[in-house]
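What follows is a short report on a single structure.
None of the figures in this text is laboratory data; all of them are computed from the coordinates on show. Everything numeric in this text was worked out from a predicted model, so none of it was measured. Reconstructed Cβ throughout: ideal geometry from the backbone, glycine too, with neighbour counts over all protein chains shown.
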């Protein structure tokens, strides 16, 4: 992973009856995000301890690529307008490679 | 999350018939790691796209805390001696908070 690459770890906790819809929107977001030139990875996971907790691990070539992602039409249409209102909780960490120990 | 904190994102791909055992070992590792003074979080997730892919998101107060984790008896007994031989693939990213955009 190049040093400039940014990893986003997003924890989404959908409202009780919204998990199915959020998972469907995640799949759509994954397909469209992976077509962005600066997106290096977009993976969706489900927590083993709290099944209603979804984790996204996304990778962007650099800050500009992450910004382009957040300005994209699919981010607006799928995340801002449809996923966020379905979430009870949301926590996003923006991380960068730490020099190997 | 304090700036010195280190996030470890570990992707484990167990061998075909080893998923159950690896998940059980993950649960044990989670319980024991969370008792380490410098461990701030230890979460296990399963991939939605490849069910046999397990993701661990771990948090340590600083480099010394991560090192203490890797030198711990439970890391040796559970991860080194039991999990690693069961893995077909393993990828570990060591990450640090990136300054907010």
Ascending list, in nanometres, of distances separating the residue B:84 label from those of the other copies (7 Å, Cα toward Cβ): 4.4
Between residue B:20 and the same site in the other copies, what are the distances in nm, shortest first, taking label points 7 Å from Cα along the C-beta direction? 2.9
The protein assembly as shown: C-alpha gyration tensor shape, a/c 1.5 cut-off, then a/b vs b/c: prolate
Whole-angstrom gap from segment A:2-22 to segment B:64-101, using each part's C-alpha centre: 22
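Using a Förster distance of 22 angstrom, determine the FRET efficiency expected from the C-beta separation of residue B:35 and residue B:3, and round it to 0.05.
With R0 = 22 Å, the Cβ-Cβ based efficiency is 0.35.
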Scoring segment B:1-54 by relative contact order with C-alpha pairs under 8 Å, at least six apart, yields a percentage of 40
Place the peptides B:77-85, A:62-70 in order of packing, highest mean first, counting for every residue the other Cβ atoms within 10 Å and averaging per peptide. A:62-70, B:77-85
Each residue of A:51-63 has, on average, a number of other protein chain C-beta atoms within 10 Å of its C-beta equal to 2
For residue A:73, inter-copy label-point distances (7 Å, Cα→Cβ), nm, shortest first, read 6.1
What percent does the relative contact order of chain B come to when contacts are Cα pairs within less than 8 Å and at least six residues apart? 46
Once a ≥ b ≥ c are taken as the square roots of the eigenvalues of the Cα gyration tensor of chain B, is the result rounded (a/c under 1.5), prolate (a/b larger than b/c) or oblate (a/b not larger than b/c)? oblate
If you count, for every residue in A:89-95, the Cβ atoms of partner chains within 10 Å of its Cβ, what is the mean? 4
Cα gyration tensor, segment A:1-49 - rounded (a/c under 1.5), prolate or oblate: oblate
